[in-house]
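The structure appears right after this line, and notes come after that.
None of the figures in this text is laboratory data; all of them are computed from the coordinates on show. What you see is a predicted model; the values in this text were computed from it and never measured.
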Amino acid sequence: MRNSYERNYKLLQENPESVFAQLKAHIFTVRFFRFHVSGDFYSYDYFKAVMQLAIDCPWCKFIAFTKQYEIANRYIKEVGKLPENFNLIFSAWGNDWKFPNPYNLPVAQVLFKGQTPNDDWFTCGGNCQECSCKGVGCWQLHNGETIYFNKH
């Protein structure tokens, strides 16, 4: 798995146009797409390219979790908003985790043993494919809302 991730990252560094053309071709066949099941945005330029992909593919609903708070905040500050079809969720590890969220983006909290969620937090259903098709869970989070996962 690690070799595949490294190979993909190298290709993205060497030929991002090819990677995004391949992504776009794949996205023509789907209605939902999650970025970074493992990983995160590694640069501002990469983040902008992902946002442009979402703009270019309005039929598809995108989702990504990130701890790259500064990159996301910079984009929103410069552009004004995220694409309507992109649900960007800030990741947090425990309810004491501090991070800059001036645009009140949705948050995914990972709770550790002994921590309890706030009453207004949503619970992760544990099946991304099912939730995307039903339009629930992370896929429907709005600004200011939080979903939580128990540490696993």
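Put simply, the convex hull of the Cα atoms in segment 1-78 casts, on average, a shadow of 5.4 nm². Return the tail of the calculated pair distribution for segment 2-150, meaning the percent of Cα-Cα pairs more than 27 Å apart. Percent of Cα pairs beyond 27 Å in segment 2-150: 23.
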